[in-house]
């Protein structure tokens, strides 16, 4: 699909407006540069991140059905910028789509709010992470044509976030089997160099930061360390929760794995934005905990 | 018939040498299994190649291994599909990654590629050349030889840890227990486990914390927690919730869900254990239950996540938690201060709602009331819709007798047949 103008119902999630405000800001800049129109779902609720489903599955399903219904009211498909939202929402959508009786039961609750979630038989209504939308709907050729400042020489390690790589059956891999190599494709399209390291599709550890800080930060610290050892200048992630553990907690993770770290972690829209000519300042890179200076230095070596 | 190159991680303890890679060329139909490929290499090239297997039909659970990094059963993975996956991952790394210049060690660990110098190119994988299927022993376990792992320390010990037998009410009946079939459906998914260890091999929590009880043992624990004949439900849940390496140590990464060859979805069983622990009012010292409740309550009040409040309420829940904070709460709250200070410095957390728990805004207009209405309904119902048990409508969609909320199928066969 290569529609000229892409317009989506946009769910930014909680963390992009909370502890990673630079994600929300950089997405707005990149959308404008790419000509993607975002209709923000400001009345929608948290996806539950799997935690609400752990407490009460029907509650999570109804809350996310509400978000889907709000999106469907706009007549647009949905886009998110958070792997965790994608995973939690896809899980609920799978259950809602599996059974008309269950769906009718949930819709009865929503009917009081004038809402209803309708299963899309042909998949024409869908909910995609920005990464998926960029590759599948916007198109890499079109993206390549927009690149103003190729990321030549920038060595980028992909970090997906569990929720958009597993479980494969639920996340549309039958239809789109390459979804677990899209970050590599995007890095290459932007002119960067892909860094292969062990942690690209592993867990950042964030979900257990409260319950077992050591397990959590061992995971974050190990992946950041592996990427450094493989020669990465930075990581890129489509998940703000991964960003919290890989960037915000990086100094603490360094203590747990007992080594120096110090690796910039970019949000996906920031990496795209740099290649489209936006400045690091515009993209909020100064808000990061792990310094992004090295990335900026490598980029200024190439004339903008 | 097609040609494949399988690259096997080999290790023989008696040799005193470290593990090494060895490539074998095999020829077989793409629909045959990776295990068939290994057995052909063993038969034709090197009889000392060690692999554990028996039924070749994904029933005995002997041939757990990693194929292209994915934990699975060798007999359940078609070699043609494994080749497609290997090709795909190689293509993803394209020409910019250094994988294309990895020296190939020939069969028997030949010397080509070990010589340094400009001629090393002759020993590299040419772009577009054959990509080997990488086969390794299971992860998170010691290797005994080649693909044979020691499952005792990280699998069977942990299975025994969860008391994997029935602890019934009172005296055993003279004849068999009588239970309603419906009351057993709930645990059929966890009963499908064949103890192959693929989930343990894939577990990313266990990789970071070897003491984690792990997906196989916790799925087994649910098999007894959910059994109506068992009398120790609350004791079992308390034990698993209080253990710092128990149900709240799972990092929710879905690795075990994709690794399991039988659809057990161990992570889903762990989430059900957490749900049951909550329903049984079990408070744990790991902040597992308080974190869950804090999250759920914040969304009811605010619609989106108030991260500061989540942190505070997870460690020091309610008035009591603040008046009499636990040692752990004090330690964790103080431990989180440097992170907060750094966030304030960079501007990441420089606003009142991010600094002061509870200042976070509500959803606009009447939206917050809509969210509350959903809570009110769901807290009364709290239904679980298990796809493994109920199956997808799919081919049944044309049946005339599908009624709202009616259960169409109680057989796990639907999920199995996919």
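Only the coordinates and a few stated rules stand behind these numbers; no lab work does. Because the structure is predicted, anything quoted here is derived from the model rather than measured. When we count neighbours, we look across all protein chains shown, and the Cβ atoms used for this are built from the backbone with ideal geometry, even at glycine.
The stretch A:67-117 and the stretch B:332-396 have Cα centres separated by 17 Å. When only Cα pairs below 8 angstrom with a gap of at least 6 residues are kept, the stretch A:233-279 shows a relative contact order of 51 percent.
Taking the C-alpha atoms only, the angle from helix B:367-381 to the longest principal axis of chain B is near 80 degrees.
How would the stretch B:290-376 be classified by its alpha-carbon gyration tensor: rounded, prolate or oblate, with rounded meaning a/c under 1.5 and the a/b versus b/c comparison settling the rest? Oblate. Our helix-only sum for chain A, with -39,500 (n - 2.57) per DSSP H run of n ≥ 4 divided by its residues, gives a mean residue ellipticity at 222 nm of -12500 deg cm²/dmol. Each peptide in B:202-211, B:171-180, A:68-77 gets a packing score, the mean of other Cβ atoms within 10 Å over its residues, and the list from highest to lowest is B:202-211, A:68-77, B:171-180. Shielding of peptide A:95-106 by partners, expressed as the average count of other chain Cβ atoms within 10 Å per residue Cβ, is 6.
Note on B:78-91: average number of Cβ atoms from other chains within 10 Å of each residue's Cβ is 1. Bridges between two residues of the protein assembly as shown, per DSSP, are antiparallel at a rate of about 45%. Here the residues B:376, A:287, B:145, ranked from fewest to most Cβ neighbours within 10 Å of their Cβ, fall in the order B:376, B:145, A:287.
Highest mean packing comes first when the peptides B:19-25, B:332-338 are listed by Cβ atoms within 10 Å, giving B:19-25, B:332-338. A simple packing score, the average count of other Cβ atoms within 10 Å per residue, orders the peptides B:224-235, A:257-268 as A:257-268, B:224-235, with the highest score first. Enter the angle in degrees (range 0 to 90, nearest 10) between the Cα long axis of helix B:34-44 and the first principal axis of the Cα atoms of chain B, meaning the one along which they spread out most. Helix B:34-44 sits roughly 30 degrees off the main axis of chain B. Could you work out the relative contact order of chain A? I mean the mean sequence separation of Cα pairs under 8 Å and 6+ apart, divided by the number of residues, in percent. Here the relative contact order equals 20 percent.
Going from the residue with the fewest nearby Cβ atoms within 10 Å to the one with the most, B:89, A:248 rank B:89, A:248.
At a temperature of 4 °C and a viscosity of 1.567 mPa s, determine how fast chain A diffuses translationally according to Stokes-Einstein, using the Kirkwood radius over alpha-carbon pairs as Rh; express D in µm²/s, rounded to the nearest whole number. Using the Kirkwood radius from Cα pairs, D works out to 66 µm²/s. Counting other Cβ atoms within 10 Å as a rough exposure proxy, the listed residues A:194, B:144 run B:144, A:194 from fewest neighbours to most.
Report Rg/Rh for the stretch B:232-323, rounded to two decimals, where Rg is the Cα radius of gyration and Rh the Kirkwood radius. Rg/Rh: 1.02. Structural size metrics of chain B, computed from C-alpha coordinates, are Rg and Dmax of 26.3, 81 Å.
Take every pair of alpha-carbon atoms less than 8 Å apart whose residues are at least six positions apart; their mean separation over the length of the stretch A:15-101 yields a relative contact order of 25 percent. Just so you know, the averaged projected area of the alpha carbon convex hull for the stretch A:152-304 sits at 8.9 nm².
Between residue B:48 and residue A:281, the simple spin-label model (points 7 angstrom out along Cα→Cβ) gives 6.6 nm. Mean per-residue shielding of peptide B:329-341 is 2, counting Cβ atoms of other chains within 10 Å of each Cβ. The coefficient of translational diffusion for the protein assembly as shown, derived via Stokes-Einstein from the alpha carbon Kirkwood radius under 10 °C and 1.306 mPa s, stands at 59 µm²/s. Relative to the longest principal axis of the Cα atoms of chain A, helix A:83-98 runs at roughly 20 degrees. In this simple spin-label model, placing a label point 7 Å from the Cα along the Cα-to-Cβ direction at both residue B:369 and residue B:59 gives a separation of 6.1 nm. Once the Cβ-Cβ distance of residue B:283 and residue B:229 is raised to the sixth power relative to R0 = 35 Å, the FRET efficiency obtained is 0.85. Rounded to the nearest 500, the 222 nm mean residue ellipticity of chain B from helices alone is -11500 deg cm²/dmol, with -39,500 (n - 2.57) taken per DSSP H run of at least 4 residues.
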